Amino acid sequence: MTLRYVSTRGTAPALSFEDVVLAGLASDGGLYVPETLPTFSMAEIAGMQAMSYPELAYTIISRFTGESIAPESLESMIANSYANFRHAAIAPLKQLDAHTFLLELFHGPTLAFKDFALQFLGRLLDHILAKRGQKAVIVGATSGDTGSAAIAGCLGRENMDIFIMHPHGRVSEVQRRQMTTVAQPNVHNIALEGTFDDCQDMVKNLFADAKFRDEYKLTAVNSINWARILAQVVYYFYAALTLGAPAKSVSFSVPTGNFGDIFAGYIAKRMGLPIEDLIIATNRNDILSRCLATGTYGMEGVVPTISPSMDIQISSNFERLLFDLYGRDGKAIASMMTNFRKDKKLTLAPDVWVALKGEFAASSVNDDDTKKTIAETFEATGELLDPHTAVGLAAGQRCRRDTSAPMVVLATAHPAKFPEAVKDASGITPALPEHLKNLFKLKERFEITPNNMDDIKRFITERV
Ligand SMILES: *Cc1c(COP(=O)(O)O)cnc(C)c1O
């Protein structure tokens, strides 16, 4: 039986895995989720304990691909996706104290956890396009890390061009250079005059233009793409298994922006992985922590912080969670989201709010506490944390309920991606890994563009 995917807004057609990967956003504006979630028994999870990262990834991902992808192709795409990570464990755990562990997700080519999903998604898209004899145009918005990871996943792949919009002047120099120093002709960088949310809206509007979308075969690699969530489910299993799952449960604290990474943790839990606490760690852009605290999901302006990859106003993937919490009622979600667009806020039904607080804890960490956490961790362990990871650690310490369960903090970026903040907090400038040593010498390529749909469309059509 082939697993099908349905939209959170209820009216777009159900699609196969392949079609969902290509579609990104559903045609009714919703996000695709599996019609039924595959689950593992405790015995099956126990059987995963000796698996390498790629073996585990195959075991989990193959449950979601249905008949879409041949097993040998899937196996080799997964192997290739993680072959260029610079640590033999792929996602190693590092112990900070008796109960706290870092899950280092920054050993991929661009030094952030997004490589886990995008190395895979780039190969997957290319495979699907080749099979269909099609070409596609990838459009994406980035607050910093997605862009470089998406570019690294797509560069040189035959069947696609990639256009990445970043908010001009609002990403770190390392992040910008990782995107703009790529020389492959299928890579195009746009510095949009606006915020990350403007970039994200621009992507949404391009997709909403059905004529343009179909003519250029627009495809999204944002965290709304189901394949990204899927690839991220794997490391929750990997970390928990290493720490004794399924006999033991583990807690996770996850630095969160778009609710993608933490949603993957929620999926891992729903698939049967025993997870104790799932902690949403936000910086001052705290729409999610406020929602947990008050039951109202309300937009406020974006405040720039030292953890810029989480400087967002709304968390797109939250819609996937709401879909579950509202009993998978697509009509209800569609009308809530329409109202949210208009009112800039929505109030959860009382029972949904209770359910939300049952699944997650949340805390918002300001820049001062983030720096303090970097300094204290360096003092206590000699480890340098990037600011996003520090937000995760601080929130984990505040929210943990059961101190006997190991707490895994997702280390989402290498400290050298955010050298100024890390130096400011610890006095130490983290060194870039060897393969990026020449980053500041390479020539940059990007175009500064007004926040205007016609200009962006022209930019794309002139280059495809
Ligand atoms: C993207 C990113 C996040 C936030 O991840 P989401 O999936 O958007 O929640 C956190 N930390 C770093 C370093 C990131 O690049």
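The values are calculated or read from the model by the stated rules, or taken from the named source; none is laboratory data. Given the structure is predicted, the values throughout are model-derived calculations rather than measurements. Neighbour counts are summed over all protein chains in view; Cβ atoms, including those assigned to glycine, are modelled from backbone coordinates with ideal geometry. Remember, those area values only see protein heavy atoms, side chains included, never the ligands or the DNA or RNA. Shrake-Rupley method; radii C 1.70, N 1.55, O 1.52, S 1.80 Å.
A few points about this structure:
- Spatial offset of region 270-328 relative to region 443-464 amounts to 31 Å, using the alpha carbon center of each.
- The share of accessible area on the chain that comes from carbon and sulfur is 50 percent, using a 1.4 angstrom probe.
- A Cα-only calculation for region 83-151 places Rg and Dmax at 15.4, 54 Å.
- Beta bridges per DSSP with both ends in the chain, % antiparallel, nearest 5: 25 percent
- Volume per residue of the C-alpha convex hull in region 310-377, rounded to whole Å³: 120 Å³
- Most to least accessible of Met336, Met453 (protein chains only, probe 1.4 Å): Met453, Met336
- For region 1-120, the solvent-accessible area of protein heavy atoms averages 38 Å² per residue (probe radius 1.4 Å; ligands and nucleic acids excluded).
- Against the empirical curve 2.2 N^0.38 Å, the C-alpha radius of gyration of region 350-391 lands at a ratio of 1.64.
- Only aspartates and glutamates eight or more places from Lys357 in sequence, or on another chain, were considered; those with a Cα closer than 12 Å are Asp277.
- Largest first and in whole Å, the equivalent-ellipsoid semi-axes of the chain read 29, 26, 24, each the square root of five times a Cα gyration tensor eigenvalue.
- Amide H contacts of Gly30 (H built 1.01 Å from N, under 5 Å, at least 5 apart or other chain): Arg9
- The spacing between region 344-384 and region 179-240, judged by their C-alpha centroids, is 26 Å.
- Cα gyration tensor shape of region 66-197, rounded if a/c is under 1.5, else prolate or oblate by comparing a/b with b/c: oblate
- Cα-based Kirkwood hydrodynamic radius, region 154-293, one decimal, Å: 17.7 Å
- Length gained on full extension, Lys443 to Ser335, computed as 0.36 nm times the residue gap minus the Cα-Cα distance: 34.1 nm.
- Sequence of Glu158, Glu383, Glu193 when ordered by accessible area, the most exposed leading, probe 1.4 angstrom: Glu158, Glu193, Glu383
- Unit charges on C-beta of K, R, D, E only; dipole of region 61-130, Debye: 160 debye
- Cα coordinate range in region 311-464, projected on the principal axes (Å, largest first): 58, 51, 24
- Accessible area (Å², per residue) of region 154-237, counting only protein heavy atoms and a probe of 1.4 Å: 30 Å²
- Treating r as the C-beta distance of Ala380 and Glu67 and R0 as 41 Å, the FRET efficiency rounds to 0.20.
- Efficiency of FRET between Thr59 and Asp97 - r from beta-carbon atoms, R0 35 angstrom, step 0.05: 0.65
- For region 241-257, 3J(HN,Hα) computed residue by residue from phi via the Karplus equation (6.51, -1.76, 1.60; θ = phi - 60°) reads 4, 4, 9, x, 5, x, 5, 10, 9, 10, 9, 10, 10, 10, x, 10, x Hz, glycine and proline entered as x.
- Solvent-accessible area per residue for region 363-402 (1.4 angstrom probe, square angstrom): 42 Å²
- Diffusion coefficient of region 170-232 by Stokes-Einstein, Kirkwood radius over Cα pairs, 20 °C, 1.002 mPa s: 155 µm²/s.
- Filter on Lys217/Lys457; Lys211/Lys457; Lys417/Lys437; Lys269/Lys417 - keep pairs with C-alpha separation over 20 Å: Lys269/Lys417
- Bridging of Lys372 to lysines at a Cα separation below 16 Å is possible for Lys423, once same-chain residues fewer than 8 apart are set aside.
- The gain in end-to-end length when the Ala130 to Ala46 segment is fully stretched comes to 26.5 nm, 0.36 nm per residue minus the alpha carbon separation.
- Cα gyration tensor, region 247-373 - rounded (a/c under 1.5), prolate or oblate: oblate
- The alpha-carbon of Lys94 sits under 17 angstrom from the alpha-carbons of these aspartates and glutamates, leaving out residues fewer than 8 places away in its chain: Glu104, Glu376, Glu379, Glu383, Asp386.
- Distance (nanometres) between label positions extended 7 Å along Cα→Cβ at Thr296 and Lys248: 4.3 nm
- Diagonalising the gyration tensor over the Cα atoms of region 1-51 and scaling each eigenvalue by 5 before taking the square root yields semi-axes of 29, 11, 9 Å, largest first.
- Alpha-carbon spread of region 1-145, three principal axes, descending order, Å: 49, 38, 31
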